[in-house]
Amino acid sequence: MNLFDFTEIPADGERWVRFAKDFLQLFGFHIETPPYRDTENIFDFVAVEQIPGKFNYHPFRWLVSCRHKAATRTAVKENEEADILERLLRSRADGFIGFYSTSVSSPLEFYLAELKNSLLIKDYRILDAKFLETHLATPGFAKIAFQYFPNYAQMHQILHLVEDEYLPILCEHCRKDLLKTLFTENQEGVIVRLRRRKGNHEETTVIANIYAACKGNCDAELQTKYCNGTNLNAVSWTDLSDLVASPIFLDWTLSLLRKIGTDEFTYTTAALDKEIYLLKALAQYVLREPTGKNTSSAQTTIF
Ligand SMILES: [Zn+2]
């Protein structure tokens, strides 16, 4: 699942160039001013990297070629990057960066590798959709993610990925992603734990399962599914919107650690696996960039 939809940036290319400049600036490059102008390639600019030496910094000039093909979802081909050597010469650049909203075709990458191997260029790098997406999802890039991807900002705000892929929190009944509803007015998710009923002489509380659900109907359906005719009781309802407030998230995590460290309390493997997944999924929200929005006041998490 892709977090960013690059077609949010118009296909004409000019805004893609502005995005490339802002991205590379945040990445630590200096964008040459006055800008290098190439009337034939208006989608080129020069970004300068300062390589530290013993006494001084040495500028390494990169020719940045912006190609925005997200709308066609096709890789950038060799014939779309004509005259690379001439363009590098004209801009007095040492290396080549392909700033692409899709990917690079194998023949073009092979050609660039050949240029480097034969020492005609010092280096090259391809910043493709995957590379850009990985960085846009990290703290520090939130500002331009909001600026250039308004739908993304509205739908996802900024979630901090803790694994390669986004981890949703799905309602176990209707499969709605409850983590996303935290960014809407409809904050309807609830986390429910299921405790095994104790026998007469049992002292250990067993959490047998956990589910996430929409409040109301979905929750009621799942309670029926899990508890009717079984030895399970639903014992705690925690609003997802409370749980993603940092102090409550920490309290929830610590309380879990304390409880699994005592004899009075135990989890089935399945329930513990679900707790761990929920912690990771919630961390995507809790560890995100500050957005200026406050979560609602939270109640203490209790079993
Ligand atoms: Zn539901």
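The values are calculated or read from the model by the stated rules, or taken from the named source; none is laboratory data. A quick note: this is a predicted structure, and the numbers were derived from the prediction, not measured. For neighbour counting, all protein chains shown are included, and Cβ atoms are generated from backbone atoms with ideal geometry for every residue, glycine included.
Of the residues making up segment 220-237, one or more are assigned by TED's automatic domain parsing to the domain that holds Glu275 and in contact (Cβ under 8 Å) with a residue 60 or more places away in the chain. Candidates in segment 1-20 are the residues that are small (Gly, Ala, Ser) and part of a loop (DSSP other than H, G, I, E, B); of these, the one that is nearest to Lys69 (Cα to Cα) is Ala11.
You will find that of Asn209, Asn228, the residue that is surrounded by fewer than 18 Cβ atoms within 10 Å (Cβ to Cβ) and among the polar types (S, T, N, Q) is Asn228 and no other.
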